[in-house]
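Enquirer: Sending over a structure as structure tokens; questions will come in a sec.
The values are calculated or read from the model by the stated rules, or taken from the named source; none is laboratory data. Keep in mind that this is a model prediction, so the values were computed, not measured. Don't worry about glycine lacking a Cβ; one is built from the backbone with ideal geometry, like all the others, and counts go over all protein chains shown. Only protein heavy atoms, including side chains, enter the accessible area calculation; ligands, DNA and RNA are left aside. Shrake-Rupley method; radii C 1.70, N 1.55, O 1.52, S 1.80 Å.
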Amino acid sequence: MSDTHAQFAFVRSKMLPEAPPPASERGAAKWVRQNFFSSTINTVMTIFVFVVVIQIALTVVPWLANGVWSGSSLSDCREALAGETGACFAVLSERWNQLLFGFQYPSELYWRPLAAFLLLFVAIAPVLFQKYVPSKMLIFTALYPFIAFFLIWGGSLLTPVLALAGFVVGYFVYTKLVAQSFALGFFGGLFAALAFWILSGYLPVEGILAIEPVESREIGGFMLNLILGTVCVSLSIPFGIALALGRQSSMPIIKWICVVFIEFIRGVPLITLLFVANVVLAYFLPPGTNFDLILRVIIMITMFASAYIAEVIRGGLAALPRGQYEAANSLGLDYAQSMRLIILPQALKISIPGIVNVAVGLFKDTTLVSVISMFDLVGMIRGPISSSQEWNGVYWELFLAAGLLFFVTCYGISQYSQWLERELRTDHR
Amino acid sequence: MADTAPQMHVSDEVAISIQRMNKWYGTFHVLRDIDLTVYAGERIVIAGPSGSGKSTLIRCINALEEHQKGKIVVDGTLLSSDLKNIDKIRSEVGMVFQHFNLFPHLTILENCTLAPIWVRKTPKREAEETAMHFLEKVKIPDQANKYPGQLSGGQQQRVAIARSLCMMPRIMLFDEPTSALDPEMIKEVLDTMVSLAEEGMTMICVTHEMGFARQVANRVIFMDQGQIVEQNEPEEFFNNPKSERTKLFLSQILGH
């Protein structure tokens, strides 16, 4: 017994130190060999892909490099190129402002949307970078929609001020009534705000403290895409949260309203909703009412995006373990507190990739308004620019520019969301 | 099942009174005619095979589960569908879960101060002082600014206990607090619970830790098939069980 035992008895007397890997497992040569030439098939594939990439570059690079940047028509470009391949970027230099602002926006007022655009970054900074920007800046964020409206549409300063005042009145009534019950406060505030807006509609504000007004149909170009994208995304997130929570509600009426809304809107193509906004709504409105087309489109796109975002957030809510709800309840937090402090911060964090996916898709879908004859970036290219005598036949350059504008914006959004995910990571895996 | 066991209550003040309480999951009758009176300062351990309804029973006490028949009075407040009563009871009754259920997006300190700040309206400074006091008591004040994901299971469970204590509860419920822990970490959590018991906290623990039951419980309750089968003081319960079902259970859980 003791003999067999002695054969495998072992006590380590010295712990082994950490050692570096062998030289053949390091260095650039190893990386190239392992990633490009590790087998016959991989070597063939590498060479094939290399040839294809070279071929594409040989076509595209001269086209870009020979590009003509000045001239006032396509024939000018052809003359300058004298038979060689080359792009006609002259259309971009000549029509750049139209691509950005549409062809009807008064050119002496371009500074106003531009200022609104720059202020947008100041306004969203405290929302996007909560940790790094003082939260007092949120006051500017709240005021920004009214400032931007005033800058872009112009008209009387009283219009945005009265709109803002309606919100203030609604909020005031809400705080007075919410102590009795949330529903009373919510609907009381809503009713007070609506009443205020309807009454203030009768005020003769025209021309008081006014700057030159611009009409909705004069707004176009990439500016229109940005307006629709920003407004609809920022509205659809709170609506989406409300719909997602409503769909989870234990109150059957609220639940069914949310389910029907989400399922109906998701089951309809956006383009039909836009046609409804453009044409059909006019039949239902009393004759003579002037219901702004951009506002109608904003309502439709927001409804559409809210339904999608609601489903994304519902996924996030479903991913949370029941224990989180139970822990929040067992500590005595009420429904609103547990949602705001415990459930939504976690559910929204899980939903970030999905929400950004919807937001990016939505932003690109704003080009669909070109189908209902609004002159957004794509509408400008397909309409006034391509059909003009000077630039008839120029496609590649214009759509390349449009693609680049959208790509830069969407890539920025996507990078931000990845940064935010890293920022919010607390699991330290 | 009448509440006929010999009473070893610490005081005459009734903390929890449950009368003829019944609960169904759909058509499944989980809890049948539960009668239980808990006196202030009592430490009760509930044991029983899985599925016997012990967790459901304590989850009914703070209305995480709804009961369909009978009456539950916690600290003088009748548990009904009235949300105000439910919130009042929940803020007086602390609960510790099997899977800790800490809030992963908040630091340890924030986990502990959240409810005092929002429910009790305690000023932030004061809530943080209280939280640090209880974190010291569970022996992890140095982890206050970490996130739950950075802590071991035993540490997380002690934070969960501290989080409940920050609400200054009159009663603590423990739902299998050591069942999800490695053997090495069970002791540190049990030690925390023992010191809590020594301070006179009213406690109801669902647990399989029979050593803990012998050491601190005034009363051990054995449940099976949704009913209280036997209850007694620990010495009697372990050395001289009366019912056959209890004997079988004890022989299985103490037999190795």
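Enquirer: All but one of (1) open to solvent by 30 Å² or more (accessible area, probe 1.4 Å); (2) touching a residue at least 60 places away in the same chain (Cβ under 8 Å); (3) in a helix (DSSP H, G or I) hold for A:PRO213, so report the exception by its number.
Expert: Here A:PRO213 clears every test but (3).
Enquirer: I'd like to know if the range A:385-395 contains one or more residues that are part of a helix (DSSP H, G or I), over 26 Å from A:ARG266 (Cα atoms) and open to solvent by 40 Å² or more (accessible area, probe 1.4 Å).
Expert: no
Enquirer: Given the condition more than 8 Å from chain A (Cβ to nearest Cβ) and assigned to a helix (DSSP H, G or I), answer yes or no: does some residue in the range B:60-76 qualify?
Expert: Within the range B:60-76 (the criterion being more than 8 Å from chain A (Cβ to nearest Cβ) and assigned to a helix (DSSP H, G or I)), the answer is yes, since at least one residue qualifies.
Enquirer: Output the residues belonging to the range A:312-326 that are facing chain B (nearest Cβ under 7 Å) and open to solvent by 60 Å² or more (accessible area, probe 1.4 Å).
Expert: Hits for the range A:312-326: nothing passes.
Enquirer: If you don't mind, there's one more thing I want to ask. Give the residue, chosen from B:GLY70, B:GLY51, that is free of Cβ contacts under 8 Å to residues at least 60 places away in the same chain, in contact with an Asp or Glu (Cβ under 8 Å, 6 or more places away or on another chain), open to solvent by 30 Å² or more (accessible area, probe 1.4 Å) and not aromatic (Phe, Trp, Tyr). Outline the logic, then answer.
Expert: Details: B:GLY51 fails: in contact with an Asp or Glu (Cβ under 8 Å, 6 or more places away or on another chain).
Selected residue: B:GLY70, the only one of B:GLY70, B:GLY51 that is free of Cβ contacts under 8 Å to residues at least 60 places away in the same chain, in contact with an Asp or Glu (Cβ under 8 Å, 6 or more places away or on another chain), open to solvent by 30 Å² or more (accessible area, probe 1.4 Å) and not aromatic (Phe, Trp, Tyr).
Enquirer: Here's a follow-up. Determine whether B:THR122 is open to solvent by 10 Å² or more (accessible area, probe 1.4 Å), away from chain A (no Cβ under 12 Å) and not in a helix (DSSP H, G or I).
Expert: The answer is yes for B:THR122.
Enquirer: Looking at (1) part of a loop (DSSP other than H, G, I, E, B); (2) away from chain A (no Cβ under 11 Å), find the lone condition where B:ILE161 falls short.
Expert: All conditions pass for B:ILE161, except number (1).
Enquirer: Pairs, please: C-beta under 7 Å, at least 6 apart or cross-chain, first residue surrounded by fewer than 19 Cβ atoms within 10 Å (Cβ to Cβ) and in the range A:327-345, second part of a helix (DSSP H, G or I)?
Expert: Close Cβ pairs (under 7 Å, with a partner that is part of a helix (DSSP H, G or I)) amount to A:ASP334/B:ASP87; A:GLN337/B:TRP118.
Enquirer: Among the residues of the range A:171-181, is any among the β-branched types (Val, Ile, Thr), over 30 Å from A:PHE407 (Cα atoms), buried (at least 17 other Cβ atoms within 10 Å of the Cβ) and in contact with a Leu (Cβ under 8 Å, 6 or more places away or on another chain)? Let's see the steps before the verdict.
Expert: Kept after step one, since they are among the β-branched types (Val, Ile, Thr), are these residues of the range A:171-181: A:173, A:175, A:178.
Now restrict to residues that are over 30 Å from A:PHE407 (Cα atoms): A:173, A:175, A:178.
Subsequent filtering for residues that are buried (at least 17 other Cβ atoms within 10 Å of the Cβ) retains A:173.
Applying the additional criterion that residues be in contact with a Leu (Cβ under 8 Å, 6 or more places away or on another chain) yields none.
Within the range A:171-181, none of the residues are among the β-branched types (Val, Ile, Thr), over 30 Å from A:PHE407 (Cα atoms), buried (at least 17 other Cβ atoms within 10 Å of the Cβ) and in contact with a Leu (Cβ under 8 Å, 6 or more places away or on another chain).
Enquirer: Go through the range B:241-253 and count every residue that is open to solvent by less than 80 Å² (accessible area, probe 1.4 Å) and farther than 13 Å from B:ILE221 by Cα.
Expert: Qualifying residue count for the region: 2.
Enquirer: Here are A:GLY102, A:GLY86, A:GLY67: which of them is open to solvent by less than 40 Å² (accessible area, probe 1.4 Å) and under 30 Å from A:GLY155 (Cα atoms)?
Expert: A:GLY102
Enquirer: Check A:PRO204, A:PRO238 and return the single one that is open to solvent by 70 Å² or more (accessible area, probe 1.4 Å) and in a helix (DSSP H, G or I).
Expert: A:PRO238 is the lone residue from the list that is open to solvent by 70 Å² or more (accessible area, probe 1.4 Å) and in a helix (DSSP H, G or I).
Enquirer: In this structure, is B:MET95 at the interface with chain A (Cβ under 8 Å from one of its Cβ atoms) and either closer than 30 Å to B:LEU36 by Cβ or among the aromatic types (Phe, Trp, Tyr) (or both)?
Expert: yes
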